[in-house]
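The values are calculated or read from the model by the stated rules, or taken from the named source; none is laboratory data. Predicted, not measured: the structure shown is a model, and the values here were computed from it. Positions of Cβ are backbone-derived with ideal geometry, glycine not excepted, and every protein chain shown enters the neighbour counts. Heads up: the accessible areas ignore ligands, DNA and RNA and are worked out on the full protein's heavy atoms, side chains in. Shrake-Rupley method; radii C 1.70, N 1.55, O 1.52, S 1.80 Å.
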Amino acid sequence: MGLFGALGIDPRNVVFSSDTSEEQGRQFGKGRGTVDCCYPVKCISGHYGELVFGQKQKLDILFSPMIYTLPSFMSGHVARTLTCPRVMAAPENIKAGFLKEADVFAEAGIKYVTPFVSLDEPPLVPKQLFEGFQGVLPGLTREEMAKAVGEGYQALHAFNDRLRRKSREVLEWCAREDRACLLVLARPYHMDPGIGHEIEVDLQAYGYPILWMQYFPTDPDLMDWAFGEDIRAGFIKSPFDIRDVWPSSYSSNTNEILWGAKVAARIPWIACVVRLSSYECGMDQPTYTPVQQIIERSGTLFFSFQDLDSTKPAGSVKIRVETITHYLEKYAREIIARKKAAMAPGCPLAQR
Amino acid sequence: MAIATTEHYRAYTPKPFTRAERDSVTILFGGLHWRIERVLQAVLENSGYRARVLPIATKEDLLTGREVADIGQCCPTSFTTGNLVNFLRGEVKQIGAQEVAKRYIYLTAGSCGACRFGQYHQSYELALRNSGLDAFRMFLMAQDQLDQKAAMGDGLDLNLPMTLGCLWGIFCTDLVQDLEYQVRPYEVVPGQTDAVVKDSVEYLYEVFRNRPARTPYKAVFWHLTTPYFTRALREVYRKFSEIEVDRLRVKPKVKITGEFYLQTVEGDPNYNIHRWLEAEGAEVYPAAITVWMDYLLRLGLQRFEDYSGIEKGARLKLGLGRVAQGIYRWTFNRLRRAMGSLPHEIPSQFELRRLAAPYFHSRLDGGEGDMLVGKALWAYHRKKAHMICELSPYSCMPNTMSIGAMAGVIGKYPDLLYAPLEIKGDAEVHALSRCQMILTEAKKRAQREFDDVLARTGLTVDEVRASLDAHPEMKRATYRVPHGDAAGTAADLVLHVADRLGRR
């Protein structure tokens, strides 16, 4: 919205497709799939279909960028910050389902705009987006796009900062009260209720604060406390360096999941980690063992929900949630005490 | 509940391979086809290393790979992991685990753009641990990074002369493989082509093993100018010239594309698809490693295209890269000429990119990216093949995206015969029967094309055969039939004979 607002587009004219749902896929995406793949990509047919066929007012542009790299807090500390190959190519793949019989976009009078964007390379982004919108937004200049991109990044950073501050408040509360919280290790799309199936919401209903790894606080004092010893011992070069557990650090979300696991192993009040993974996720697959090992070696509880697909397995989720909360009730205090004893003194979370 | 330890988890870090160990340690490698593996062995030996090629992966390796590593791997990793583990287990039985860890190291390709393939060190590590080989040393080479010293110690020096040797080895074996597949379906004496190829590869092994040593800069100049390799390829060409062929056998031409490992290997990992297609009556157009490397070069240079006007020096780097790309193609063509220009040319990466652009963005990497789409369209438009057989590992992340985009291509060109095969290692009958369906159509198309050419030229098969009998040189495997406006070899031959007889 920061970008479009700066380009002078009225926020009321920006329409987002709704949260993913099986109904959305059935109603708008049926017959548009071209290959069998993971649900987070497959479901995009339903989103496109909803935007093309399911609007009261006709849309002019369908914007679906091909995001190549992500602006990660780990940039500069890892090899690359690439997105998953399926996610980055999804717009081309899904598009084919809307072109194979006839050009559905053209028939609906919709311009399909899918710029290739390297979000972790800010100097390149204005050029990429300008080329993507050429002929779509009349009179657009390079300068306008560069300014809009700047504002888009500012909006993104402000959003991330706000959520990280919130996470820190939660952690400080946990430290003050010596209470357990849960960390969710998942990919960003698992925040979509139709993909992650709101498993963390079910857990939160039992009174446990939930943190998402993507918005974990990265303040220097906390990072120094958590990783200072590893840096001094030469295992890593910075708090966001994961070479000690994952040398092939190419994928942005994979890197962050591995880093999240390390954080969970070191923060005493994270008594439990919940891992979400979608069916056929090839990026998650090689990480199953190391993530579990990193977490369990520290004595932290680890539960994973793998092979998530379009249908919410409500019954089994309920049983798993009850199991998790049972373990937390029984062991959380012990886990926190043991992890506190293993960590260096002077935790900044406990000092306020 | 898990038991807490005071030690945090750390990834597997192999003990370095040192220079002092070069004489006693054997480098294991594999995962390509046997011709290039044999020549790479020669390059390594020429550089002073002991090298051994792993046996071709089998279905037993697939099962072992699935057993000892994490669930849900793509099948190339299951095959290669199981292949390594089974080989090492065999060695352990003979000399023990400690000796195996001391005597061998394993070298394999690492990063592959955004694909998870580059992150499989974890699977190898797990497999080695589950096989009681924790101390075994395994090194991953990033495909875009040559200096591996930091990770693997100073034992393996990937210097310029060795890199050039590998590159020239790829060129030469690609050319041999290409010609082999053009000749074998038409050989008059069964088995003659295989014998000539075996002989040629052994000959090239000696050529590369005895390659003169040069300093890095001199090595560049020498490789670019020496007649050493062209002479060797002329000798290979001479060996091929002894084969008699009958090109009037009407066969559909099938171009192999797909994921790098599956399109390259020849064996169980891809259901022996090359041989199976030949047995089913097809002529196979294999996927050259040279094309894959040309694609990687193009991908790398695209970054400078994007940064032109943004980053200082990007234009200059792009210009230099284009020169390197030009030299690459020039070298391949120079070697190709030594083989009578019989092997297929390498397609222009710019043309492939242009053809694929409406369907798949050129910057999306991982797998074959837009090249998979571009090659299918290139073969279709230029009549290089009747059918595309695309090999993709089950659950291959990048390739499924390119295949999905092919739905748009097929929508526009419904007569493009495209057989995307999902390879799992097992479920062979399912994949092959799917391929057979498309192949049946390709066979009909090849026959129709042949009949049309006969009708157009007014020639009969007997007249063509009589003309060939009158000119026995045309029945040599090394006789060059120019590519006319037909995809099939037999149809092209008829057109060529018609030209010679003045019937066109």
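One table, with the values for the structure above:
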{"item": "Counted residues, the range A:256-292 - those being within 11 Å of chain B (Cβ to nearest Cβ), modelled with pLDDT of 95 or more and closer than 16 Å to residue A:40 by Cα", "result": "1"}
{"item": "Meets criteria (part of a loop (DSSP other than H, G, I, E, B), out of contact with any strand residue (DSSP E or B) (no Cβ under 8 Å at 6 or more places or on another chain) and touching a residue at least 12 places away in the same chain (Cβ under 8 Å)) for residue B:465", "result": "no"}
{"item": "Any hit, the range B:16-30, residues being within 30 Å of residue A:332 (Cβ to Cβ) and either outside any helix (DSSP H, G or I) or within 14 Å of another protein chain (Cβ to nearest Cβ) (or both)", "result": "no"}
{"item": "Some residue of the range B:405-424 being more than 14 Å from chain A (Cβ to nearest Cβ), out of contact with any Leu (no Cβ under 7 Å at 6 or more places or on another chain) and open to solvent by 50 Å² or more (accessible area, probe 1.4 Å)", "result": "yes"}
{"item": "Helices (runs of 4 or more DSSP H) enclosed by the range A:120-202 - at least 1 residues per element that are in the same structural domain as residue A:9 (by TED's automatic domain parsing)", "result": "A:125-133, A:142-177"}
{"item": "Lone qualifier among B:80, B:13 - being within 14 Å of chain A (Cβ to nearest Cβ) and crowded, with 19+ Cβ neighbours inside 10 Å", "result": "B:80"}
{"item": "Condition met for residue A:248 (of a type in the set (Gly, Ala, Ser), open to solvent by less than 30 Å² (accessible area, probe 1.4 Å), within 21 Å of residue A:188 (Cα to Cα) and not in a helix (DSSP H, G or I))", "result": "yes"}
{"item": "Selection count where residues are open to solvent by less than 10 Å² (accessible area, probe 1.4 Å) and of a type in the set (D, E, K, R), scope the range A:251-269", "result": "2"}
{"item": "Elements of type helices (runs of 4 or more DSSP H) in the range A:11-100, at least 2 residues being in contact with a Cys (Cβ under 9 Å, 6 or more places away or on another chain) and either free of Cβ contacts under 8 Å to residues at least 12 places away in the same chain or open to solvent by less than 20 Å² (accessible area, probe 1.4 Å) (or both)", "result": "A:39-42, A:85-97"}
{"item": "Failed item, numbered, when residue A:281 is tested on (1) of a type in the set (A, V, I, L, M, F, W, C); (2) part of a helix (DSSP H, G or I); (3) under 21 Å from residue A:83 (Cβ atoms)", "result": "(2)"}
{"item": "Filter result for residue A:298 (more than 19 Å from residue A:209 (Cα to Cα), touching a helix residue (DSSP H, G or I) at 6+ places or on another chain (Cβ under 6 Å) and either more than 7 Å from chain B (Cβ to nearest Cβ) or surrounded by fewer than 20 Cβ atoms within 10 Å (Cβ to Cβ) (or both))", "result": "no"}
{"item": "Failed criterion for residue B:439 (all others in (1) touching a helix residue (DSSP H, G or I) at 6+ places or on another chain (Cβ under 8 Å); (2) in contact (Cβ under 8 Å) with a residue 40 or more places away in the chain; (3) open to solvent by 10 Å² or more (accessible area, probe 1.4 Å); (4) more than 13 Å from chain A (Cβ to nearest Cβ) hold)", "result": "(3)"}
{"item": "Residues that are closer than 17 Å to residue A:120 by Cβ, aromatic (Phe, Trp, Tyr) and within 9 Å of chain B (Cβ to nearest Cβ), drawn from the range A:238-255", "result": "A:250"}
{"item": "Residue, nearest to residue A:162 (Cα to Cα), within the range A:203-242, restricted to residues that are among the charged types (D, E, K, R) and in a loop (DSSP other than H, G, I, E, B)", "result": "A:219"}
{"item": "Residue within the range B:455-465 that is open to solvent by less than 80 Å² (accessible area, probe 1.4 Å), of a type in the set (A, V, I, L, M) and under 34 Å from the mean Cα position of the chain (by Cα) present", "result": "no"}
{"item": "Meets criteria (free of Cβ contacts under 8 Å to residues at least 24 places away in the same chain, open to solvent by 40 Å² or more (accessible area, probe 1.4 Å) and more than 13 Å from residue B:389 (Cα to Cα)) for residue B:279", "result": "yes"}
{"item": "Residue match in the range A:131-140 (condition: within 12 Å of chain B (Cβ to nearest Cβ), open to solvent by 20 Å² or more (accessible area, probe 1.4 Å) and touching a residue at least 24 places away in the same chain (Cβ under 8 Å))", "result": "yes"}
{"item": "Out of A:319, A:324, A:294, sole residue that is in contact with a Lys or Arg (Cβ under 7 Å, 6 or more places away or on another chain) and part of a helix (DSSP H, G or I)", "result": "A:294"}
{"item": "Given (1) within 21 Å of residue B:169 (Cβ to Cβ); (2) open to solvent by less than 50 Å² (accessible area, probe 1.4 Å); (3) within 21 Å of the chain's Cα centre (by Cα), number of the condition residue B:340 does not satisfy", "result": "(3)"}
{"item": "Candidates B:494, B:481 - the one that is touching a helix residue (DSSP H, G or I) at 6+ places or on another chain (Cβ under 9 Å), among the hydrophobic types (A, V, I, L, M, F, W, C) and either open to solvent by 50 Å² or more (accessible area, probe 1.4 Å) or assigned to a helix (DSSP H, G or I) (or both)", "result": "B:494"}
{"item": "Residue in the range A:64-105 that is farthest from residue A:241 (Cα to Cα), counting only those that are more than 13 Å from chain B (Cβ to nearest Cβ) and of a type outside the set (Ser, Thr, Tyr)", "result": "A:71"}
{"item": "Selection count where residues are more than 16 Å from residue B:299 (Cα to Cα) and either open to solvent by 40 Å² or more (accessible area, probe 1.4 Å) or at pLDDT below 95 (or both), scope the range B:343-358", "result": "2"}
